[in-house]
Structure formats: C-alpha cells, structure tokens
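Below is one structure, written out as structure tokens; the observations come after it.
The values are calculated or read from the model by the stated rules, or taken from the named source; none is laboratory data. Everything numeric here is computed off the predicted structure, so don't read it as measured data. Glycine also receives a Cβ, built like all others from the backbone with ideal geometry; neighbour counts cover every protein chain displayed. Accessible surface areas use protein heavy atoms only, side chains included; no ligands, DNA or RNA. Shrake-Rupley method; radii C 1.70, N 1.55, O 1.52, S 1.80 Å.
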Amino acid sequence: GSLQNLSMVEDDPDALGTAFLGSAWDALQGTPAAGGRRHSEVRALFPMYETSFQAAALRVSGITEFAHLAGRRVGCGPARGPAEVFFRAAADAAGITVEVISGDPAVQAEALAAGHIDAFWQGAVVPIPSLLLALGR
C-alpha cells in the first residue's frame, strides 16, 4: 500500500512507488498513521489522482448519515491504509466513536451484504466494484 511504497522510496534512491497524497503527508510528518516514522527523502513526480470516500450501509440498518455510524462496526479496508486513516480523521472530527474493522475490501463488502459489519467505508470509483458484486448487482 501507500505507506509501504513510501518507505521503499525512502530507503532506496532508485525506487519508484505510488501513494495517496494523504499518506505522503503522514509519512513526511511522521504521524502515527505512518508508524511514527518521519520520511525526509521521499521524492514526488506528479499527483496521480484524487479519490473520494463513500460509506455504504444496508437500508435495514437505519444508517442514513455519518453520525449514525457511532458505536457501529465499520469496515475500512487494510489496516492503516488511506481509507482507514481518512475515516478515523472524519470520525474524530464528527466526535463519534466507531469500531474500525480492517481487512480486504472485497471481503468487507461481502461482510456488509451478510450483515456482519454495519457499514463499509472505501475510497474508490463510484460505484465501488466489490460492493456491486457483493450485493449482486
């Protein structure tokens, strides 16, 4: 993922990698999301793309706004990945406590469809392909 790529580029002057801009900022600052390691040798060629984040929940959950995620189990993709980092920041800004579930986004989309998690937060193109597959669309 982004943070592993940033560490690789930091450690090897001949390496190239891709990263979310938010992850790059975390790496440069040495934030907890970057494992506390402050990167000072990262080089940038160009920004690749912007990513929007979306939350999905089953209609039966009653979740219709971000605040309704309080106290819920929310799948956010790989641990310490961009989706989780941005979600935790949004939850903190909203003043809510959420149980973050880490894992493979495709598996989490299936867990949402089966009712094992309450919501799924992901940064991806709309519509999210793994969510469409899990919901049978």
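What are the extents of the Cα atoms of segment 1-48 along their three principal axes, in Å, largest first?
Result, largest extent first: 25, 21, 17 Å.
Computed FRET efficiency, Cβ-Cβ of GLU99 and LEU133, R0 30 Å: what is it to the nearest 0.05?
Working: r = 25 Å, r/R0 = 0.82.
So the FRET efficiency works out to roughly 0.75.
Taking springs between alpha-carbon atoms closer than 10 angstrom, which of ASP118, ASP26, ASP11 fluctuates most in the Gaussian network model of the chain?
Looking only at ASP118, ASP26, ASP11, the largest GNM fluctuation is found for ASP11.
Under a crude label model (7 Å from the Cα following the beta-carbon direction), how far is SER52 from ALA90 in nanometres?
That separation, rounded to one decimal, is 1.1 nm.
Between VAL107 and ALA79, with labels modelled 7 Å along Cα→Cβ, what's the label distance in nm to one decimal, could you check?
That separation, rounded to one decimal, is 1.2 nm.
Would you mind working out the accessible area per residue for segment 75-118, using a 1.4 Å probe, and quoting it in Å²? Please report the intermediate quantities before stating the final value.
On the way: 2150 Å² over 44 residues.
Counting only protein heavy atoms, the per-residue value for segment 75-118 is 49 Å².
Compute from the Cα atoms of the chain the Rg and the Dmax, the latter being the longest Cα-Cα distance, and quote both in angstrom.
Answer for the chain, Rg first and Dmax second: 16.1, 51 Å.
Which trypsin sites (Lys or Arg not before Pro) from segment 19-75 combine a DSSP loop assignment with at most 15 other Cβ atoms within 10 Å? Mind dumping the intermediate values first?
Values: sites: ARG37, ARG38, ARG43, ARG59, ARG72, ARG73; in loops: ARG37, ARG38, ARG43, ARG72.
Passing sites in segment 19-75 are ARG37, ARG38, ARG43.
Label points 7 Å out from Cα along the Cβ direction at ALA44 and GLN29: separation in nm?
Once both label points are built, they end up 1.4 nm from each other.
So what's the back-of-envelope 222 nm ellipticity for the chain, counting only DSSP H runs of four-plus at -39500 (n - 2.57) apiece and dividing by all residues, rounded to 500? Can you show the working numbers first?
Values: 5 runs with 48 residues, N = 137.
My calculation for the chain gives -10000 deg cm²/dmol from helical runs alone.
Of HIS116, HIS68, HIS39, which has the most accessible area with a 1.4 Å probe, and how do the rest follow in descending order? Spell out each step's value before the answer.
Values: HIS116 125, HIS68 70, HIS39 5 Å².
Order by accessible area, largest first: HIS116, HIS68, HIS39.
Using Cα-Cα distances under 8 Å and only pairs 6 or more residues apart, what relative contact order does the chain have, in percent?
On the way: 201 pairs, mean separation 31.5, N = 137.
Here the relative contact order equals 23 percent.
Once fully extended, how much extra length lies between ASP12 and ALA67, figured as 0.36 nm per residue of separation less the alpha-carbon to alpha-carbon distance? Walk me through the numbers before you get to the answer.
Working: separation 55, 0.36 × 55 = 19.80 nm, distance 4.27 nm.
Extra length available between ASP12 and ALA67 comes to 15.5 nm.
Protein chains only, probe 1.4 Å: how do TRP25, TRP121 rank by accessible area, largest first? Before the final figure, lay out the partial values.
Values: TRP25 145, TRP121 30 Å².
Solvent-accessible surface, decreasing: TRP25, TRP121.
At 1.4 Å probe size, with the rest of the protein present, what percent of the exposed accessible area of the chain is carbon and sulfur atoms? Can you show the working numbers first?
Values: 4670 of 8240 Å².
Carbon and sulfur: 57 percent of the exposed surface of the chain.
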